[in-house]
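A short worksheet on the structure shown next.
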Amino acid sequence: MREAVELVARFMELAACTAPKALGQNFVVTKVISGPELGRLAEAMEAYGRQTGKKDFDRDADGVRRSDALLLIGLKGPNTLGLNCGACGHNRCEELRPREGPEYRGPVCAWRLVDFGIAVGSAAKTAGLFNVDNRVMYRAGVVARRLGLLEAELVLGIPLSATGKNIYFDRRWPPPAGG
């Protein structure tokens, strides 16, 4: 089953890269991870949650650990469209000056974020077409970026699983005592 899920992850990369983008310019980058890399990411997610006191990193780490593969999808080096539209919060595109934040680099041109969202949605839709369970995870992306698994301003993770029950949505939290 794992090989089939990894193949679906490759199709998801294809969907993300071919999704429509403003001016036909692609700043979306992807990487599929599986096997021991999933365990390494899950451990780092748990550690990050403990270090920062941010909730649910351990919960999502459990989902990553139990996955067959995970697609990392990011936005790397996006330039502005030059519209001077103000959607990013600046009056002119040249005023947008990205800086490193606590988890991501931004601000980013709003239209490039729209491109990114369409690419993420296309990837998740592709997993669904193959009946592979998935969930878009902010937390997996934060830690994958910190580990250098994908170089980008913004990263999300989409873990994939093929079991009789979706491991990402029927979660009980907090877990029962002793479980």
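Coordinate-derived values only; no laboratory data. Not measured: the values here are computed from a predicted model. Here the Cβ is made from the backbone with ideal geometry for all residues, glycine too, and neighbour counts use every protein chain on show.
A few notes on this one:
- Peptide ranges 6-12, 85-91 listed from the most packed, as the mean C-beta count within 10 angstrom indicates: 6-12, 85-91
- Based on DSSP H segments of at least four residues, each scored -39500 (n - 2.57), the chain has a per-residue ellipticity at 222 nm of -13500 deg cm²/dmol.
- Relative to the dominant Cα principal axis of the chain, helix 110-129 is inclined by about 30°.
- Computed on segment 2-161, with alpha-carbon pairs under 8 angstrom and 6+ residues apart, the relative contact order is 32 percent.
- Alpha-carbon centroid distance for the pair segment 45-84 / segment 85-112, whole angstrom: 20
- For residue 125, a cut-off of 26 angstrom between C-alpha atoms picks up these lysines, skipping any fewer than 8 places away in its own chain: 21, 31, 76, 165.
- Coil-residue trypsin sites (Lys or Arg not before Pro) of segment 28-74, DSSP, other Cβ within 10 Å capped at 16: 54, 55, 66
- In summary, the aspartates and glutamates within cross-link reach of residue 54, defined as a Cα separation below 13 angstrom excluding same-chain residues under 8 places away, comprise 46, 103.
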